[in-house]
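Each remark here refers to the structure printed beneath this line.
The values are calculated or read from the model by the stated rules, or taken from the named source; none is laboratory data. Since the model is a prediction, treat every value here as computed from it, not as a measurement. Cβ coordinates were reconstructed from backbone atoms using ideal geometry, including for glycine residues, and neighbour counts include every protein chain displayed.
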Amino acid sequence: MPTRDTLGGIVHTYQRYDPARIPPPRPPAVDLVTPAMEHLLEFGDMGELTEEQLAAAIVLDPEQIKGLGPSLDSIRRKLEEARRRILERYETESVRKKARQRFRETAHRMQPPAKSREGFAKAVREEQLRQLERLWYAQEDDQSRFAGQLAGLIETLGEVYQIDELAAKWTFQGREKLTVPEALEVKQRLEEIEDLLRQVDEARKNARVFLIDMEALGQYVEQGDRDELDQLRRQIQEIVERQAAEQGLQRTKSGYALTPQALRIFQGKLLEQIFSALDPSRTGRHQGGVVGDGAVELVPTRPYEFGDSVAHMDIPGSLVNALLRQAGEAAAGGGSTRRLRFDARDIEVHRTRNSPKCATTVVLDMSGSMRYGGQYVSVKRMALALQGLVLREYPGDFVQFIEMASFAKPRTAGEIVTLLPKPVTIFDSVVRLRADMADPAISESDVPPHFTNIQHALALSRQHLARQDTPNKQAIIITDGLPTAHFEGSQLYLLYPPHRRTEEATMREAELCRREGITVNVFLLAGWSQSREDIQFAYRLAEAAHGRVFFTAGKDLERFVVWDYRSRRRSIIG
């Protein structure tokens, strides 16, 4: 019988095994969609991305580029060697004295006007560049002899500053003396080397070889090194082009254009990020649906009851029940088996659940205040995540996006990425404006665009939701504060600071939403100007429409909005 000592063949002993460092069979794909979409969300430009913009945005794994590390290490050593030779050749103490002496002699030869004499002497004595600039601006005639001499003196003092910076930033160990122009040239060369070293280090981390200045690098490395680096750049370019084609970035003459496929991939990544962050929290919002009568068939079964639809009958289970029952009856009666007949107690039906439709409008605040802190980027990211959730899990739902500023306008999903905060055109501390929009002589372009009209957004939400054949209706409002605009008939009022008249008009619209069965949920963003009045208004608005208020910072906005949407769907099912 085999024993522990004789059982088995060769036993391999793995030393220094680290599973985290074992490379996967296939390296992960480079994510090109996310940086491209983030660039689009921030700038709202549907134009094409250039190769330089895409290369600056993406992060590649250097291990995927064969020979990248050794090539960059070799270039770095040569750059460090060029810097060492410069530092070991020159000394800077003498040129500092020359530059300062030239500044003093130039200032001594100048004859300032009487009213500028005291300030000029103090600026020269303390070597204050800013004071000399102020003296130049204070001259009545900038073409005068003293003004011209003063401009030259400012340039000379600037050279003194640069040479002092040169001596302080690098440690020189040589003996060769420098003139002032030579010192400035040495400083420029050293700064160029430092920039190249930073570019090489950046490329070593994330393979951003495109960011290396090849023209400047040619002064310090040989042609063979440059050719090898060019080959690596072509290799990276091939990887980027291949991954771009797979991820929906279409190659054009001037760069890359985003396609609908890229948008869907970005939405999927957003949802994965959102729900991967939610799952560990274990708050109970992702519970399964409650069983009930509906169209969605589940795996578990139950005995048939009068009134159940035979469309959900479990045929294999029912046949087994009939066979077992008939065999038991035959054994008990001592008779032979008869033709199989169904009895009501044999029938098993699948359990079902109802999956009703939900209609939602999402109001995206694009007023002037949303530009602070990049709040608008988070709002647009939320909208894309919510649309991706509906398309993936609830394709029967209705979602309408509404842009809100001085006016509310319906927007399609394709227009979301191009939305930007409205420019502020009025800077008065108090604004009291009224415009009759029924007047043909007045158009939207004549109205300041950066105010917040929640009342108009709710009215537009009611119009879109009234056409939906579902009792489950809700309006999600993403905003950072109080409303500052409203309609009274055809009259548009723009009132800042926020006025009670605007709040009353907004509350009347929220009451109409409640009467029509529309729940209003308010997501209040934390802004630089948020006050207690903003929070109290959000509570009053949600209370008027039997909704809820959520407080969140901009970076977590898409998480909380989508989370609430799923929670509402689950509660409807239950």
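Before we move on, is Ser490 within 23 Å of Val377 (Cα to Cα) and surrounded by fewer than 14 Cβ atoms within 10 Å (Cβ to Cβ)? In short, no. Could you grab me the full set of residues in the stretch 399-433 that are among the aromatic types (Phe, Trp, Tyr) and either outside the structural domain of Glu509 (by TED's automatic domain parsing) or outside any loop (DSSP other than H, G, I, E, B) (or both)? Of everything in the stretch 399-433, just one residue is among the aromatic types (Phe, Trp, Tyr) and either outside the structural domain of Glu509 (by TED's automatic domain parsing) or outside any loop (DSSP other than H, G, I, E, B) (or both), namely Phe401. Residues in the stretch 279-325 that are among the charged types (D, E, K, R), part of a loop (DSSP other than H, G, I, E, B) and modelled with pLDDT under 50: Arg282, Arg285. Could we say that Phe342 is more than 21 Å from Leu465 (Cβ to Cβ), free of Cβ contacts under 8 Å to residues at least 12 places away in the same chain and not acidic (Asp, Glu) here? So Phe342 does not fit the description; no. Within the stretch 392-451, take every residue that is among the basic types (Lys, Arg) and loosely packed, with under 14 Cβ neighbours inside 10 Å and give me the one that is nearest to Ile518 (Cα to Cα). Ranking the candidates gives Arg392 first. Taken together, Val377, Val349, Val362 contain a single residue that is modelled with pLDDT of 85 or more and part of a helix (DSSP H, G or I), which is Val377. Among the residues of the stretch 515-534, just one is assigned to a helix (DSSP H, G or I) and surrounded by 15 or more Cβ atoms within 10 Å (Cβ to Cβ), namely Asp534.
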